[in-house]
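A short worksheet on the structure shown next.
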Amino acid sequence: MTSLDLTDAARRPFTGRRVRFGDVSLQVVAGTAAAAATVLVGLIVWKVVDGARPAISHEGVQFVWRIAWNPVLGREVFGAASFLFGTALTSLFALALAAPLAMGIALFLSELAPRGVRAPVTALVETLAAVPSVVIGLWGIFVLGPALQRYVEPALHSVLGFIPLFGPPGSAGPSIFTAIIVLTMMILPIVSSISRELFLGVPHELKEGALALGSTRWEMVRGVVFPYARGGIAAALILGLGRAVGEAIAVTQVIGGGVFIHWNLFDTGDTLASKIAESFQGAASDLEVSALFYLAVILLVFSLLANLTAQWIVWRVARAHGISRGGHA
Amino acid sequence: MEGLAWLAAAIAIAFLVLIVWSVARKGASELNLDLLTKGPAVTFLSTAKVGLANAFAGTIVIVGLAIAMALPVGILVAVYLNEFAPASIRNGVSLALDVLNGVPAIVIGIFVYGLFVLGHGQSGLAGSFALACLMLPLVARSTMEVLALVPNSLREAGLGLGIPQWRTTLSIVLPQTIGGIVTGTVLAVARVAGETAPLLFTSSIVGTQTSWNPRHALQSIPVAIFELSESPDPADHARAWAAALVLILFILFASLGGRWLATRSRTRMLSR
C-alpha cells in the first residue's frame, strides 16, 4: 500500500521521491473507476425507483396485488398481480424442469463422461448460453410453439387433463407452456456449468474413500458429491431462477400476453419482464410509463435479493469448507 | 441413473442443434448481399429489394461504442481491485459487480430510458451505455482473473529495479494480461451483441435509412429480429431468420474463438 504519510515516506530509503505522482494518480484514476462501478448499482436503483414514483403515489402498494392494466386516459388502473403470477408460474416450472437436467449434465461432465467427450460437450452446453434470447424467441414462435401446440399439449391434456394446469390447448400458437420450455433452455447452461464446477471441486479423497468402501459410482455421487455440493447447488438454482425471472425478450415473443390469472399452462399469459418489453413503443401516458418502472422496481428488488442470497450461500459454504476462494466467489 | 445423466446431456445438445439447424435452414435461403447492403423498403406494399443494412450499421456503431465505454473502465476497475485495493474494498466492489451482472437486461434498459431517453429522446449512445452496463462486470471480472495469474515475482522484479509501482503495473503487469483481456472482451461482445432488451427503450424508434450517427436512434440486428418476428408478414419472418443466421454465426464464431483464446492464453501463462 502506498503511504501518504510524507514524513514516513521521506524516511524510507531507496524510494527516491516522497510520494510518487504517478502512483497516486493511477490509484486515483483506477479507484474512481471502481467507485463508479459501485455507484452505478446505486444509480440504477435510484433511477428506477424515481421513475416509478408517479405510479407509486397513484397506485400505492395495492399495485402489487391488483389485477389490472387499463391505460385509458382518465380511468387508469394498473396492477402487477397477473404479471407476478405469470412470472412465478413460468420461472418456477422452468426451474423445476431445468434443475434435474442440469444436475444430470453436471454429473455427466464431471464424473461419468469419457475423457475425450467432456471438453466438446462442455463447450456445446456453454454455447447454448451464448445463443441470443431474441433468436431463441424467434425459434419459439415459429418452430417450438406450433410443435408443442400440435403434438405435446393435446397429448398432455388428454392424459393429465384432470389437473387444472393441463387445460385445453389454446387456438393460437403462444402459450405459457412454450415460455416455460424456452426459459428451461435458457437457464439450463448456467445452472449446469456452475454445478459442474461444484462437482469438480469435491475433494478426490472423499470420492476415492467412498469407492474404496465398496460403494458404486452412483452411491458415491449420492452419498458424497451431492451432500458436499449441496449449498453451492442451492446458490446455482437461485441464480438460475433470477435469470428466468428477468428474461424479457424470448418470453414476450412466445407467451402471448393478457391481464388475467389462470392455471392453464396451454393458454396465454404475461410476466413482469415480458410486459415491460412488449409495451416499449406503446405506452399511452406518462402514468403507464411510470407503472412500467414500478414493474421494473419489483424485478430489480427480486434480482438483488436473489443475487445477495446466492452470494451469501457461497460465502457460507466456502467458510464451512474452510477454503478461501480468493477475493471473489 | 447414469443413463439419465447421459440423456440430460443429450437433451441440452439437442436443444442447441435444433435451434442452429432451424436458423440455418430458414435463414440461408434469404441470405444474400442485399440483406447487408440495402435498407428496408420504404414503400408500404413493396417487399422487393429489402435488406437490413440499417440494422447492421447500427449494431456496429452501438456495440463499438459500448466497447469503448466498458473496456477502459472495466480494466481500471480490475487493476484497482487487484493491485491497490485493501481486501474489504475488493470484496465490496466485487459484490457490486456481481449484483450489476445479475440485474436483468430489461431493467438496465428501463434505467437508461429514465436516465437519458426521458427528455432527450432515444439515441445510439443511450443504447451503447445500456450495453456497456452489461459488459462492465464481464470485462472487469475476466481482467481480474488474468491479473491474479500474473506471478508476484514480476511485480517484485519491477519494484526491485526501482521502477515506480504505476509503471510496473502499466508496463510490466498489464501487458502480460493482454491475451486474457482480449478474450474477456470478445466473450463480453458475444454476449451483448445479441441483447435486445436494453435497446428496446433506448434505440428502437427508427426510420429505414442507414445511419452511422450515434446521436440518433439506430436500428440494431436484435431489435430488427424482434420487430420482424412480431410482424404478420411472412416476408418479414424470412428476413428475421436471415438476420438471426448472421447474428448467430457472429456470436458462435466469437464465443468459440474467445473460448479457444482463453484456453490458449491460460496454458501459456501457467506454463511460464
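Summary table below
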| quantity | calculated |
| --- | --- |
| Test set (1) more than 9 Å from chain B (Cβ to nearest Cβ); (2) at pLDDT 85 or above - A:Leu304 fails condition number | (1) |
| The stretch B:147-200, residues that are outside any helix (DSSP H, G or I), more than 8 Å from every other protein chain (Cβ to nearest Cβ) and more than 30 Å from the chain's Cα centre (by Cα) | B:Leu161, B:Ile163 |
| Test: A:Ala99 is more than 10 Å from chain B (Cβ to nearest Cβ), surrounded by fewer than 24 Cβ atoms within 10 Å (Cβ to Cβ) and part of a helix (DSSP H, G or I) | yes |
| Selection status of A:Ser82, more than 14 Å from every other protein chain (Cβ to nearest Cβ), part of a loop (DSSP other than H, G, I, E, B) and of a type in the set (Gly, Ala, Ser) | no |
| Where a residue in the stretch B:20-41 is within 14 Å of another protein chain (Cβ to nearest Cβ) and its partner, wherever it lies, is in a helix (DSSP H, G or I) and of a type in the set (Val, Ile, Thr), with Cβ under 7 Å and at least six apart | B:Val20/B:Ile248; B:Ser22/A:Val143; B:Val23/A:Val135; B:Val23/B:Ile248 |
| Single residue of B:Ala78, B:Ala96, B:Ala53 found to be in contact (Cβ under 8 Å) with a residue 60 or more places away in the chain, within 21 Å of the chain's Cα centre (by Cα) and closer than 25 Å to B:Leu149 by Cβ | B:Ala78 |
| Per-region count, the stretch A:141-180, residues in a loop (DSSP other than H, G, I, E, B), more than 20 Å from B:Ser231 (Cβ to Cβ) and in contact with a Pro (Cβ under 7 Å, 6 or more places away or on another chain) | 1 |
| Enumeration of residues in the stretch A:143-172 that are buried (at least 20 other Cβ atoms within 10 Å of the Cβ) and either away from chain B (no Cβ under 14 Å) or over 22 Å from B:Ile106 (Cβ atoms) (or both) | A:Leu148, A:Gln149, A:Glu153, A:Phe166, A:Pro169 |
| Selection within the stretch B:79-102 - in a helix (DSSP H, G or I) and of a type in the set (Gly, Ala, Ser) | B:Ala87, B:Ser88, B:Gly92, B:Ser94, B:Ala96, B:Gly102 |
| Condition met for A:Leu26 (surrounded by 15 or more Cβ atoms within 10 Å (Cβ to Cβ), modelled with pLDDT under 95 and facing chain B (nearest Cβ under 9 Å)) | yes |
| Test: B:Arg259 is of a type outside the set (A, V, I, L, M), part of a helix (DSSP H, G or I) and away from chain A (no Cβ under 11 Å) | no |
| Residue within the stretch B:73-87 that is polar (S, T, N, Q) and more than 20 Å from B:Leu200 (Cα to Cα) present | yes |
| Checklist (1) surrounded by 14 or more Cβ atoms within 10 Å (Cβ to Cβ); (2) more than 11 Å from every other protein chain (Cβ to nearest Cβ); (3) in a helix (DSSP H, G or I) applied to B:Gly119, failing item | (1) |
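The values are calculated or read from the model by the stated rules, or taken from the named source; none is laboratory data. Note that the structure is a prediction, hence the values are computed from the model and not measured. In this analysis, Cβ positions are derived from the backbone assuming ideal geometry, glycine residues included, and neighbour counts consider all displayed protein chains.
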